[in-house]
Amino acid sequence: MTSSGAGPTYDPAVMTPITGTVFDIQKFSIHDGPGIRTTVFFKGCPLRCRWCHNPESIRPHPHLSFDARRCIGCGACFKACPNGVHRLENGRHVLDRERCRQCGACVETCYAGALETVGRTMTVEAVMTPVLQDRSFYRDSGGGMTLSGGEPTLQPDFAMALLDAARAEGIHTAVETCGFCDWNLLDRLRTRCDLFLFDLKAEPASHESLTGVPFERIGQNLRRLHDAGSPLWIRLPVVPGVNDTPARFQHAAEIIRSLPRIQAVDVLAYHAMGTEKISRMGLDTPPLNGIPTPSSEQVQGWIQQLAERGVSARTPGSA
Amino acid sequence: MTTATQSLDWNTVRDATRRYNVNRTGTHDLRPYWRVMAYRKYAGQPECIVRARGFENVLAECRIHRYQGERIVGSRAGFSADTLPEGLDADGFKAIVDEHNQRGHRNFWSGWDHTLADYPTLLKQGISGIRNQAETSWKQHSDPARRQFLESVIITLDAFSLFVRRHADACRTAGRDSLAGMLDHIASQPPRTFHEALQLVWLTQIVFVSEGRYANALGRVDQYLLPFYHRDMVANRITRDDALDLLQHVWAHIEELGEVTNICIGGLTPDNRDATNELSYLALEATQTVLSPHTNLSARFHDGTPETFHRACFECIRTGVGFPSVFNDHVLIQGLEEIGTPPDVARDYCMVGCIETMLAGRQQAWSDSRFNTPLLLLKAMQRMRQEPVRSYDRLMDLFREEVQIAMKEHTDNFNQYIDQFPADRFPDPFLSALTRDCIERGLDINAGGAQFKRMHGICIMGLATLADSLAAVRKLVFEESRLPYDDLMAALDADFEGHEATHQLLLNRAPKYGNADPYVDDIAAWLVMFTSEECLKHTISGGGRFVSAMGSNVSNIPAGKEIGATPDGRHAHTPLSDAASPHFGRDTNGPTAFLQSVARPDYHKVLTGSVVNMKFEPDHFQGEEGARRFAAVTHALVRDRIQELQFNFTGNELLHHAKQHPEEYPNLVVRVSGFSAYFTRLGAEVQDDIIRRRAHV
Ligand code: SF4
Ligand code: SF4
C-alpha cells in the first residue's frame, strides 16, 4: 500500500497497530464542526473545568460507571467481582471503588446495562470502521470526522494516525482542543487537520481557578495556530454566574478580533447534565451545584455582548 | 376592494372547513335515503342501472353547500342535514337506511375506497367527451349486458354534469358570475384553464365522496395540470401566485373531507425524463402554508431529481406538518415492471391513501389487510419446544412453514370474501367511466374493464419485532448458548415476570434493527424478500396480485395486543414495531446508521409500499446547515435505494410524553448545545429544563 497523498498513511500490515482510549464514537454529530460528522471522543483531559459536562472523559483510562436507576437488583455483579467491590449497605447497592481493578467482569454479567466500562482501547482500524460507514453523509452535507474529548493532544500518535487515515479516504477532519499542550503537538496535528475547534474557557485572571490550568500557553498556542494558517472555529463555554462576566467577553472578543482568520465563534451554553454523570462515575470533582441551565434569552444575551464587542457568534449547528 | 380580496382568502375557507369538520356530528346522512328513493323507482331494471339511478338521485337532491369566499366549489356538507326528510320520523328513516344496507355495498376490501380517477383523460375530453366515447362504444357492442353497463355509465356522467351545473346555479345566485360561467362550461366541455381544470378535479372528488368512498387521491397533480398552467402562463391569464392561491383553495377543501388525500409530485415522466416542474414546487408551498394534516403529499425522487426539489421538500417538512413523504422511483418502478407493468405506465405510478402504490385511473381500487407475522414466529417457537433437536435452522424452517400456511389461509379467506361481491350485483359505473378501457371494453371496472387488475396489499406486521427476535434467538440461544431455549420460552410465557435478567439480556445483548449492524439487518432483508415472494405466489380471485406491504399505520398496536411477549424483549400485548421502521427507541446510533439499516432490505417486491418513520429533533435541522444535513438524508434515500421515508420532527409534546413514559423512549437522544444525552436517563429536573429551553427555540 502506498500513500495516496501528502503525509504518511496508516497501514495495518506494516505498522504496529496504534491504539488509543476512546469513550464514545458519536455518529450524526452536528455540533462539532460543519455538516454531518462522526465525533470520536478521546479519554483523558489535562483540565478540570468545574462545569465539565463530559466527566467520563477526564481520567485517561477505562473506568467503571454505575447507573443505579438501571439496576434491576439481580445480584450478578456481586458474584462476578473477584475484588468484592459491589456490596449491600443498608439494602443499598454501593461500590467500593478503591478496590476496583477495572477488569470488566461485573459489566459482562450486568445485562441491564447499569454497569458500564466507560472507555475502550481501540485500534485505528476499529475507530475508522464506523467513521467510514458515513462517508456519503459527509460528502452530501459537507461533514467529516471530529476528534474531541477529553483532549486529543493527550494521545497524539493515535490522533495523528486517525487524521491520516481519514484524510487518505478524503474525509474532512477537525480537532477540538483546549489548547493546553506543547506547541509541537499542535504543530504536528496541524498539517493533518482541516479545522480546529479551539476552546476559550475563561479570561486569564480566573482561568486557573476554574479549569485548573493557567491561560498563558493556551493563548500562545491559539495565536501560533492562527499564524500558521490553520482554519479555526472558537468555542466559548459560558456558565452563568461563573464565566459570563463582561471581563470574560471582553477578553474573548479582543483575542478573536486580533486573529482575523477565525472563521466562526460558537457559544456553548452550560447545562447541568454533567453533575449526574459525575455521581455515576463515582468521581469527586466538585460539581457546580445549583446553577440553572440558561434560557435561550440568556444565551442570546451573551451573543449580544459579544456582538457589542465586535464579534459575531452563534450557537453550534445553527449556522 | 379590500373586502373582495379578503373574502377570497383561502385562510377563511380553511378555517370554515376546519370548523365544519369539528362540528359535523349529529347531522343525518341523507345519501341512503336518496338512493333508496331511486332504487324503489327503478326496481326491476338491471342492477347497474338501478345503482346508477341511486347515484344520480344523490347528486340531484343534495344541498349545494358553499363557503364564503371560496374560489373552488364542492363540499361534502350538502350530503347530510340536521332535519330528516319530510314525513319521516327516526324509525321510518332507520327502516330506509336498513333497506339501503340490505342491498349491500362494495367496501374497502371488495374494492371501493382508496381510488383515483383517470384525470388526464377527464381533463382532456371533459364530461361530454367521455360520454361520447360511451355512446360510440354502445354502438360497437351488441351484447345486451355491455350495452346496459354503458347506459349506466351515461346515467352517471349525466348526473355528474347536472351536479356541476347545480353548482353553477348556486354561484350565480350568490353573485359569483365568473365562477358560475366556468362551472357551466365544465359541466359538459373540457376545461380551458388551470382554474377550470382544478375545479373539475375537485368536483369529481366530491362525487366520489357522495358515493361514500374514502381516502381517494388526487394523483400526479403537477403532471396533469401542467399543460393548463403553461397555456394560462403563455396567454397571461395566470400568475404563479394566482396558481398557488388556487391550490391553496383546494387544499383548504381537503381539510373539510378530513380524510387522507394523497397528492403526488415529482418523479419521472412516462418517457423517463425528470417530471419535477413549477407545479411541484407550488404544491409544496400550498402544503406548507395551509398546514392541513389531510393533504398527504408524496414526493417522488429519482437519480436526476434537481437539488432545488430536495431543498423545497425540506422546507415543507421542517414546518413540522410531516409532509411530503419521500419515495424512490427506482425501487417502485422496478417492482411494477417485474410484475408485467409496461415501463411507461410503471413510471406514471402514484399513491393513494398513505403510501399505497397505484396506477392512476387504470386500475381497480386498492385494498389491504393485516398479517400478524410475529404471531407466526411465536407459533413456530412453540412447535420447536416439542422437538428433541433444536437449532436456528430448524426454527427458520418452522417459521417459513407457518408463514406459508397462514398466507394460503389468508389469501383463501380474502378470495372467498370478495367472491361475495360479483360485479353484476355490485356494479360501479361512475368509477368505471373514469378508469381506462372500461368504456371501450363495455365492462365494469371489476368485471375485466380496467386496463390493470387490482393489487391487494398484505401488511406484514412487525418487521423489526421479527428481525430483533430472530437475531436474539440466533445469537443468545444458539450461537452463544447463553440462554437455554426452555428458559427463553419460560420467560416469554411469563411475560418476563420473574425473569428480568433474561429480559435485560434479550434487550441489551442482542443486536437491534436500525443500528447498521449487518447481523440483524440481514435478517430483516431476508424477511422482506421472503414474505414479499410468498405474497406474490397467490392470485386474487377474478385476477390481480397479492403484494406485500410494510406500512401498518397504527395497526401495530392492535396486532401487538393479540400476541404475547417476543424474544426481542417486547412485553406481551404491547405494540409491535411500526411498519418498516426499526422498533422505536432501539436505534441508538443516530439517523445515519438508521438509514443504513433501512437501506439493507431490497424493497422492490414490496409493491404496496413501505413506511419508514424517522423522528428528528427540530434542532438538528436549523438554518442553512440544517438544510445541507437534510439533503444528505434525501440523497441517501435515492442513492441507497430506500423505498420510502417520512419525517417526524419531534418537539416538546414528545418530550413531555417521554418524560411520563420513559420506558417507551429508552433511547431518545436530545441534543443540547454542544453535547447530547439520552433524554429518559436524565433526572426530572434536567428533563424539564430541556423542555423549557426548547419552548424558546
Ligand atoms: S470491574 Fe472488575 S474489579 Fe471492578 S467492580 Fe467490576 S468485577 Fe469488580
Ligand atoms: S449486575 Fe447490574 S443489574 Fe444486576 S445487581 Fe449488579 S448492577 Fe444491578
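A compact table of results
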item	result
Any chance A:ARG192 is within 16 Å of ligand 1 (Cβ to nearest atom) and touching a residue at least 60 places away in the same chain (Cβ under 8 Å)	no
Yes/no for A:GLU98 being within 14 Å of another protein chain (Cβ to nearest Cβ), of a type in the set (Asp, Glu), within 15 Å of ligand 1 (Cβ to nearest atom) and not in a loop (DSSP other than H, G, I, E, B)	no
Residues of the stretch B:203-240 that turn out to be more than 17 Å from B:THR121 (Cβ to Cβ) and touching a residue at least 60 places away in the same chain (Cβ under 8 Å), as a count	9
Residues that are touching a Pro at 6+ places or on another chain (Cβ under 7 Å) and in the same structural domain as B:PHE530 (by TED's automatic domain parsing), drawn from the stretch B:442-474	B:MET461, B:GLY462, B:ALA464, B:THR465, B:LEU466, B:SER469, B:ALA471, B:ALA472, B:VAL473
Within the stretch B:66-112, tally of residues that are within 22 Å of B:ARG165 (Cβ to Cβ) and part of a helix (DSSP H, G or I)	3
Candidate set from the stretch A:119-135 (those that are of a type outside the set (D, E, K, R) and away from chain B (no Cβ under 14 Å)); member that is nearest to ligand 1 (Cβ to nearest atom)	A:GLY119
Test for A:VAL85: is it more than 9 Å from ligand 2 (Cβ to nearest atom) and under 13 Å from A:PHE66 (Cα atoms)	yes
Selection status of B:SER548, more than 16 Å from ligand 1 (Cβ to nearest atom), away from chain A (no Cβ under 14 Å), assigned to a strand (DSSP E or B) and buried (at least 24 other Cβ atoms within 10 Å of the Cβ)	yes
Residue check, B:LEU595 within 13 Å of chain A (Cβ to nearest Cβ) and modelled with pLDDT under 80	no
Check on A:ILE262, among the hydrophobic types (A, V, I, L, M, F, W, C) and modelled with pLDDT of 95 or more	yes
Hey, B:LEU336 modelled with pLDDT of 95 or more and crowded, with 22+ Cβ neighbours inside 10 Å or not	yes
Of all residues in the stretch B:49-79 being crowded, with 16+ Cβ neighbours inside 10 Å and of a type in the set (Gly, Ala, Ser), the one that is farthest from B:ASN21 (Cα to Cα)	B:ALA52
Index of the failed condition, A:ALA68 passing every other in (1) aliphatic (A, V, I, L, M); (2) more than 14 Å from every other protein chain (Cβ to nearest Cβ); (3) more than 13 Å from ligand 1 (Cβ to nearest atom)	(2)
In the stretch A:101-112, residue farthest from ligand 1 (Cβ to nearest atom) [restricted to those that are touching a Leu at 6+ places or on another chain (Cβ under 8 Å) and modelled with pLDDT of 95 or more]	A:TYR111
Failed criterion for A:GLU56 (all others in (1) within 16 Å of ligand 2 (Cβ to nearest atom); (2) in contact with a Phe, Trp or Tyr (Cβ under 8 Å, 6 or more places away or on another chain) hold)	(1)
Odd one out for B:ARG586, checked against (1) closer than 16 Å to B:LEU470 by Cβ; (2) under 18 Å from the mean Cα position of the chain (by Cα)	(2)
Residue count, the stretch A:74-88 (criterion: more than 7 Å from ligand 1 (Cβ to nearest atom) and within 14 Å of A:GLY282 (Cβ to Cβ))	1
In the stretch A:174-209, the residues that are surrounded by fewer than 22 Cβ atoms within 10 Å (Cβ to Cβ) and assigned to a helix (DSSP H, G or I)	A:TRP183, A:ASN184, A:LEU185, A:ASP187, A:ARG188, A:ARG190, A:PRO204, A:ALA205, A:SER206, A:GLU208, A:SER209
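For (1) of a type outside the set (Lys, Arg); (2) crowded, with 23+ Cβ neighbours inside 10 Å, each residue gets a yes or a no:
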position: B:SER325; (1), (2): yes, yes
position: B:ASN328; (1), (2): yes, yes
position: B:GLY340; (1), (2): yes, no
position: B:ALA346; (1), (2): yes, no
position: B:SER369; (1), (2): yes, no
position: B:ARG385; (1), (2): no, no
position: B:TYR392; (1), (2): yes, no
position: B:LEU395; (1), (2): yes, no
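Residue-wise test of (1) in contact with a Phe, Trp or Tyr (Cβ under 9 Å, 6 or more places away or on another chain); (2) farther than 22 Å from B:VAL520 by Cα.
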position: B:LEU470; (1), (2): yes, no
position: B:VAL473; (1), (2): yes, no
position: B:GLU479; (1), (2): yes, no
position: B:PRO484; (1), (2): no, no
position: B:ALA490; (1), (2): no, yes
position: B:PHE496; (1), (2): no, yes
position: B:HIS499; (1), (2): no, yes
position: B:THR502; (1), (2): yes, no
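The values are calculated or read from the model by the stated rules, or taken from the named source; none is laboratory data. Computed from a prediction, not measured in an experiment: that's the story for all the values here. With ideal geometry, Cβ positions are generated from the backbone for all residues, glycine too; neighbour counts draw on all protein chains shown.
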